[in-house]
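Colleague: Quick one: the structure is below, questions incoming.
Only the coordinates and a few stated rules stand behind these numbers; no lab work does. Predicted model only: the values in this text are computed from it and were never measured. Methodologically, a virtual Cβ is constructed for each residue, glycine included, from the backbone with ideal geometry; neighbour enumeration extends over all protein chains shown.
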Amino acid sequence: MKHLNSPLTSSPSTDAKSHREREYITRPTDQPWFGYRCLVAAEAKYVVWLLYKKNPTWRNKDLHKVACRRMVMTSK
């Protein structure tokens, strides 16, 4: 069965647009412990923070708490 909106059946041109690769660049001011995993966790935390700031619900607050804990765990 083929679904039109399934991500597995999308054309290669749409896959290339939706899954762009990003280059990780180390800056001289970055701390030695702040690697790629910390950067990803920090960006995820920031996205959830913006969501909580825009719509302060209990669910969004809990999501932000989880993101904060994940950031702490990746920085250790």
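Colleague: With +1 assigned to the C-beta of every Lys and Arg and -1 to the C-beta of every Asp and Glu, and no other charges, what is the dipole magnitude of region 27-75 about the Cα centre in debye, to the nearest 20?
Modeller: Working: 10 positive and 3 negative charges, 43 e Å.
Once rounded to the nearest 20, the dipole reads 200 debye.
Colleague: Another one. For Arg69 and Thr26, what does the FRET efficiency come to when R0 = 30 Å and r is the distance between their Cβ atoms, rounded to the nearest 0.05? Can you show the working numbers first?
Modeller: Working: r = 25 Å, r/R0 = 0.84.
It comes to 0.75.
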